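Just below is one structure, and these are the notes that go with it.
No value in this document is a laboratory result; all are computed from the given coordinates. Just so we're clear, the structure is a prediction, and the values are computed from it rather than from any experiment. Note that we place each Cβ from the backbone using ideal geometry, even for glycine, and neighbour counts take in every protein chain shown.
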Amino acid sequence: MKKIVSVILPTYNEKLNIKKTVAKVFEQEESLHGFEIHIVIADDVRSTDGTERVAHSLVKKNNRLHFIKVDPGLGVGLIKGHQYALEKLHPDILAQLDADGQVVPDVLVRLVQAVEDGYDLAIGSRFVEGGKNQLSLGRRIFTYGASLFCRVLMGPWKVREFTNSARAFTPKLFQKLNLTRLPWREPSFIVQPAFLHEAILAGAKYKEVPLIFKNRLEGYSKNKVFNYTYDVITYCVDARLNAWGLNIPFFHLTRRAKTVVKFGLVGFVGTLVDFLFYKVFINLGGFPPATSKGISTEVAIINNFILNNYWTFRYRKTKTNFWTKLGIFNLVSLGGLVIGVLIVKVLHLYYGDGFVDLGWRKIAYNNFYFFATIPFVMTWNFFMNHLITWKNQED
Ligand SMILES: Nc1nc2c(ncn2[C@@H]2O[C@H](COP(=O)(O)OP(=O)(O)O)[C@@H](O)[C@H]2O)c(=O)[nH]1
Ligand SMILES: [Mg+2]
């Protein structure tokens, strides 16, 4: 008797891709000796393009193709798909791939082989030898950055790629996962790194295999990169705190205070932008420091405004237009600037120009004055923008 590998293909408006992907996945059977492939299409209830119709016509012709309708979210599609497979198909290996034709499907052969070799989890990876990432530059930077962030903060460092779905694992591992903790119902793609993290916590022996990831030919990406970034950052911080024994439910808390956290992240990025341009104007532009600071602050203000407008407060219904909001934002930021200057002035008058001697280096007091302003300026900026710039004005 042949062994069974079940392959979950999550779909959300993939009418133009599903037929080809299904055919290509079944083709892999030629290289999977002793295995029979079953496919489960897990289609999002929000698919409105007729994915379901195409899938049904394919299911009729092939009794190894299965179809389920699932609640919104990639995580729901994957987890519900595996649960369906376990219950109905009794597979020896569980696998999952994208349904949009971006993943070159021969990765399935390498994934299954790794599990056959005794690994509990095989991870498709663009960053191991033989792997390729052929996305646009912006997306490549995101993929690399997100995985680097996961490696550094959450670990393990040995894993190169955390953010794609091409994986295979044993039913035993799946049953060991803590699904109450795994945020698989979140709308973002956080299930990708979180699943890997949970698998490792469950003691999985894992291996990365090369994956080639192409650009999309048909349809559109459902990956909301900003929201994904937010979830990756907060999830990894949570994982790090937990690894240190600090059981703070950071990921859940930050979901409640999402607007504040996003505003804080924008502020953080803005500070980096401010500093970067400050140095660029001085070193490359030849401007004096004060002039550079003036320009770099305005660049940071515009940067923060755009990120806040299209991300932090995106959901707010306002009646003011873009330019009015930009004007108000500048005025509010000016208020923050005055507060910052006053705090530095008062601290300077009180403590003067000393140093903290760490033995190996001296840190000037003025560094501490700068950092002391951040919580106050941020609080001012947040509340003024929350109450004025992006005030909800629904009637
Ligand atoms: N069921 C379900 N599938 C999804 C959802 N979001 C994405 N997918 C599927 O997951 C795969 C990867 O999504 P895609 O939008 O291509 O993300 P990208 O490759 O990161 O740009 C595709 O097959 C999508 O159709 C979702 O919310 N629900
Ligand atoms: Mg895709």
Place a point 7 Å from the Cα of Phe268 in the direction of its beta carbon; the residues of the stretch 124-167 whose amide N falls under 18 Å from it are 142-155
Surpassing 31 Å at the alpha-carbon level, of the pairs Lys80/Lys205; Lys222/Lys293; Lys88/Lys262; Lys158/Lys214; Lys19/Lys158, are Lys222/Lys293; Lys88/Lys262; Lys19/Lys158
Computed over the chain: longest principal axis from alpha-carbon atoms vs helix 137-153 long axis, angle to nearest 10 degrees, is 80
In terms of the charge dipole of the stretch 3-222, which places +1 on Lys and Arg and -1 on Asp and Glu at the beta carbon, the residue among Ile190, Gln113, Ser31 farthest towards the positive end is Ile190
Listed by chain and number, the aspartates and glutamates with an alpha carbon less than 16 angstrom from that of Lys325, same-chain partners under 8 positions apart left out, are Glu298
Under the helix-only model (-39500 (n - 2.57) for each DSSP H run of 4 or more, divided by the residues of the chain), the mean residue ellipticity at 222 nm, to 500 deg cm²/dmol, is -17000 deg cm²/dmol
Within the set Leu89, Leu265, Leu246, GNM on the chain using Cα springs under 10 Å gives the largest fluctuation to Leu246
Each label sits 7 Å from Cα toward the beta-carbon; between Phe383 and Lys176 the label points are separated, in nm, by 5.1
Out of Leu111, Leu173, Leu94, a Gaussian network model of the chain with alpha-carbon springs under 10 Å gives the largest mean-square fluctuation to Leu173
With +1 at each Lys and Arg Cβ and -1 at each Asp and Glu Cβ, the charge dipole magnitude of the chain around its Cα centre, to the nearest 20 debye, comes out at 420
By the Kirkwood definition, with r running over pairs of different Cα atoms, the stretch 66-142 has a hydrodynamic radius in Å of 14.6
The relative contact order of the stretch 300-395, taking Cα pairs under 8 Å that sit 6 or more residues apart, comes to a percentage of 41
Going through Lys172/Lys258; Lys20/Lys132; Lys2/Lys172 one by one, the pairs whose alpha carbons sit over 24 Å apart turn out to be Lys172/Lys258
Answer in debye to the nearest 20: the dipole magnitude of the stretch 1-132 about its Cα centre, from +1 Lys/Arg and -1 Asp/Glu charges placed on Cβ, is 460
Toy charge model, Lys and Arg Cβ at +1, Asp and Glu Cβ at -1: the stretch 78-216 dipole around Cα centroid in debye, rounded to 20, equals 340
1/(1 + (r/R0)^6) with r = Cβ-Cβ of Tyr365 and Tyr310, R0 = 41 Å, i.e. FRET efficiency to nearest 0.05, evaluates to 0.60
On the formula 1/(1 + (r/R0)^6), with r taken between the Cβ atoms of Val59 and Ala243 and R0 of 30 Å, the FRET efficiency rounded to 0.05 is 0.10
Relative contact order as a percentage, the stretch 3-222, C-alpha pairs under 8 Å and 6+ apart, gives 27
Restricting to aspartates and glutamates and to Cα separations under 15 Å from Lys319, and discarding same-chain partners fewer than 8 apart, the set is Glu394, Asp395
Once normalised by the length of the chain, the mean sequence separation of its alpha carbon contacts under 8 Å that are 6 or more apart gives a contact order in percent of 14
With bins of 20 Å, the percent of all Cα-Cα pairs of the chain per bin from 0 is 23, 47, 25, 5, 0
For Leu349 and Val225, extending 7 Å from Cα along the Cα-Cβ vector and measuring point to point gives, in nm, a value of 4.8
Subtracting the Cα-Cα distance of Leu148 and Lys2 from 0.36 nm times their residue separation yields 48.6 nm
At R0 = 41 Å the Cβ-Cβ FRET efficiency linking Leu358 and Leu137, nearest 0.05, sits at 0.50
Most fluctuating of Gly124, Gly359, Gly294 in the GNM of the chain (C-alpha, under 10 Å) is Gly359
Helix 191-201: inclination vs the chain longest Cα principal axis, degrees, rounded to 10, gives 80
Between the Cα axis of helix 225-243 and the main Cα principal axis of the chain, the angle (0 to 90°, nearest 10) is 90
